[in-house]
Amino acid sequence: MKEEPQTAQKSPNTPEFEKFKYKVEIVKWFIGSVTLVVISMMIEWGFKDRAAGLNEIKEYDKYATELIILNNDPIKKRMLAQYFSKVTPSEKLREGWEAYYTEVDKEYREFLRQDSLAKIRLAELSKDTSETKNTLNEIEVALLSKQIHENQRIFNQPLILPENRTIQPIVYIQFGNGSDRPKINALRSKISIQGLQAPGVELVESAKDLASNEIRYYWDSDAIFANSLKNILEQEGIETVIKHIPTLKNKTKEGTLELWLK
């Protein structure tokens, strides 16, 4: 009876086994090297992210105390929270700013609601020409007038940055389509409510030739205002491109922005 041929096995001393062992070592080296590189990159990324986070926190410190913690102005608080929630590089800190913006936005909307109610009530009392007016009405009128005046002061007050620098951001609006003037004026009013001065609008024919709507700023420190304006416009469904033009810095005042609309 013939015996079945046995499967050949690699002998520890054969050249084939040595080649096989060499290949295994190469694979082990490759896997180990790649794993080490990946782990090193993850650790390095973690340290860089942590360092970036610490630098961001230091940068925010000068804003947080003066402009947020000790500030009762919901407009300026919202403006800063909105800015940092968009530009903060660290994901964890950005999520924190986004959550804070949500809370400040509620406060901001309640502020606008109360201001609107006060104006409506004052208008109602002012129309009352009957003889039923009494001292209580007069007291209410006085209180409402005071509240509205204070709200207007908050709307118009400049954003006071750290280092005792006061900058009142101002937006000059240029637009290319003359038929859009009513819409542009309504937009100007909304920008003013957000705490940015917008004294008027100007029809500039060349604006129609722009590839996109533009926000132009000239001083490095005005980036915060440019991004805040961009966020305001996004809420109105208007997309813009921010352009920093430092070469014209000496020809403009700090806090100056230009909004160009096609």
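Considering only segment 169-182, I want to know if a residue exists there that is under 22 Å from Ala81 (Cα atoms), open to solvent by 80 Å² or more (accessible area, probe 1.4 Å) and out of contact with any helix residue (DSSP H, G or I) (no Cβ under 7 Å at 6 or more places or on another chain).
Scanning segment 169-182, I find no residue that is under 22 Å from Ala81 (Cα atoms), open to solvent by 80 Å² or more (accessible area, probe 1.4 Å) and out of contact with any helix residue (DSSP H, G or I) (no Cβ under 7 Å at 6 or more places or on another chain), so the answer is no.
Out of segment 218-244, which residues are exposed (fewer than 14 other Cβ atoms within 10 Å of the Cβ), part of a helix (DSSP H, G or I) and either charged (D, E, K, R) or at pLDDT 90 or above (or both)?
Passing the criteria: Asp220, Glu234.
Filter segment 184-217 down to residues that are in a helix (DSSP H, G or I) and among the basic types (Lys, Arg) and give me whichever is nearest to the chain's Cα centre (by Cα).
Result: Lys190.
Given (1) open to solvent by 80 Å² or more (accessible area, probe 1.4 Å); (2) touching a residue at least 12 places away in the same chain (Cβ under 8 Å), identify the lone condition not met by Thr247.
(2)
Just wondering, is there one or more residues in segment 251-262 that are open to solvent by 40 Å² or more (accessible area, probe 1.4 Å), small (Gly, Ala, Ser) and under 24 Å from the mean Cα position of the chain (by Cα)?
No - not one qualifying residue is present in segment 251-262.
Select from segment 63-112 the residues that are of a type in the set (D, E, K, R), open to solvent by 80 Å² or more (accessible area, probe 1.4 Å) and at pLDDT below 80 and write down the one among them that is nearest to the chain's Cα centre (by Cα).
Lys86
Name the residues in segment 74-128 that are among the aromatic types (Phe, Trp, Tyr) and within 15 Å of Asn151 (Cα to Cα), would you?
Tyr108, Phe111
The values are calculated or read from the model by the stated rules, or taken from the named source; none is laboratory data. These figures come from a predicted structure and were not determined experimentally. When we count neighbours, we look across all protein chains shown, and the Cβ atoms used for this are built from the backbone with ideal geometry, even at glycine. What goes into the accessible areas is simple: the full protein's heavy atoms, side chains included, and nothing from ligands, DNA or RNA. Shrake-Rupley method; radii C 1.70, N 1.55, O 1.52, S 1.80 Å.
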